[in-house]
1. Kindly establish whether residue 73 is at pLDDT below 95 and over 29 Å from residue 116 (Cβ atoms).
2. Take the residues in segment 68-102 that are of a type in the set (Lys, Arg) and within 11 Å of the chain's Cα centre (by Cα), then tell me which one is nearest to ligand 2 (Cβ to nearest atom).
3. Pull out all pairs, ordered by first then second residue, where Cβ-Cβ is under 6 Å, the residues are six or more apart or on different chains, the first lies in segment 113-132 and is small (Gly, Ala, Ser), and the second is within 16 Å of ligand 2 (Cβ to nearest atom).
Amino acid sequence: MRMTRQRRVILEEIRNLKVHPSADDVYEAVRRRMPRISLGTVYRNLEVLSGMGEIQKLPVGGPLKRYDKNTHRHYHVRCIACNRVEDVPMDFMGDIEAAMDGSMGFRFLGHHLEFTGLCADCQEAAKDQDHDFSRDPPRFDQSFAINTGRRPGAGPAAGM
Ligand SMILES: [Zn+2]
Ligand SMILES: [Zn+2]
C-alpha cells in the first residue's frame, strides 16, 4: 500500500496528538492542514494505516474507535465516565497464549485485556454529585453520565 500525501499527513497528526485519538480527533487535526478532506476519507485511511502496521486500532470498548501510534501490544484502562483511554504500566503477557495453545483444540494467537475504571477527574466529579460507588458499583459494561464539564467521548483536554 502506497504512502499517499493524505496518508502521510494523517500519520503525522496521529503522532502529534494525544496518545489514543478517536477518528474525530484525527479528523479535526488533519482538517487544519487539509481543509477539504472528509471524515470518510480519514476513516478509510485510518483503516489502511492500521492494516499497514503504522498505527494500531485499539480493541477498547466504549462508543469510540481509538487509534494508537504505539504499535506494540500493551494494555489500556478506559474511564467508564469520560471514555479517556490510557496506557497501563504493566508488561504484556505474551506467554499466556503459548501456555493456552493447543487446549480446547484451539491455536491461541492473541488476547485482549481492557481495564475499566474512573479517572481522577471523574472520581472528583462523582464525589461532587454524591455518587456513592461503594453502594452503587458500576457494572463492567456500564457507562456513567457524570457531568465532568467535557463533551462525552471528547477525552481530556490536556495531560495526555
Ligand atoms: Zn474520566
Ligand atoms: Zn496505548
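The values are calculated or read from the model by the stated rules, or taken from the named source; none is laboratory data. What you are looking at is a predicted structure, and each value in this text was computed from that prediction instead of being measured. Note that each Cβ is placed from the backbone with ideal geometry, even for glycine, and that neighbours are counted across all protein chains shown.
1. Numbers: at pLDDT below 95: yes; over 29 Å from residue 116 (Cβ atoms): no.
Judged against the criteria, residue 73 is not a match.
2. Of segment 68-102, the ones of a type in the set (Lys, Arg) are 69, 73, 78, 84.
Now narrow it down to the ones that are within 11 Å of the chain's Cα centre (by Cα): 69, 78, 84.
Values: 69: 8, 78: 11, 84: 12 Å.
Looking at the filtered set, the residue picked out is 69.
3. 117/77
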